[in-house]
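Nothing in this text is a laboratory measurement; each read-out follows from the coordinates by a stated rule. Predicted model only: the values in this text are computed from it and were never measured.
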Amino acid sequence: MTHQKTFRFSAEREAILEVLCSTKSHPTAEWIFQKLEEKEISISLATIYRNLDILCQQNRAKKLEVQGEKHAHFDGMMEDHSHFICKKHNKIHDIPRFKTPLACSEQYLTCNKCVSHEEYEKQCPIK
């Protein structure tokens, strides 16, 4: 029998999740920290990291490690999907799972803002 750790309710965690789910930009903990400060919600960066880890353990968020990025990004969209990551500027885009090869969860390509339209059409997994 597998024992899954339970966590009590936390208003701080819910505020972090609300900010995370309010964007499709796949933010870092630092970005979430800034948005909470703008809302005049005072939560330390260490607390944000700790709660993001808990949210990932609870399957309420996903942690994304991006090649060449110092900090992890987080995703609050829990519907089944993959990610298209522009290899030129590391911007993360969501892709419905049915539009990607079965074995692929992350794809490092170049987005249409970074290459010509013709080149993007050749490599784009979203068709």
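Remark: segment 60-74, residue by residue, has Karplus-estimated 3J(HN,Hα) of 9, 7, 10, 9, 10, 9, 10, 3, x, 9, 6, 10, 6, 10, 10 Hz, where x stands for each Gly or Pro and the curve is 6.51 cos²θ - 1.76 cosθ + 1.60 at θ = phi - 60°.
Which of the residue pairs LYS39/LYS70; LYS24/LYS63; LYS39/LYS91; LYS39/LYS63; LYS35/LYS70; LYS24/LYS70 have a Cα-Cα distance greater than 18 Å in the structure shown? Beyond 18 Å between Cα atoms: LYS39/LYS70; LYS39/LYS91; LYS39/LYS63; LYS35/LYS70; LYS24/LYS70.
Rg over Rh for segment 11-75 works out to 0.93, both radii taken from alpha-carbon positions and Rh defined as the Kirkwood radius.
The 3J(HN,Hα) values that the Karplus relation (6.51, -1.76, 1.60; θ = phi - 60°) gives for segment 15-26 are, in residue order, 5, 5, 5, 4, 5, 4, 7, 7, 9, 10, 7, 6 Hz. Gly and Pro appear as x.
For the pair ALA46 and MET77, the difference between a 0.36 nm per residue extended length and the Cα-Cα distance amounts to 8.9 nm.
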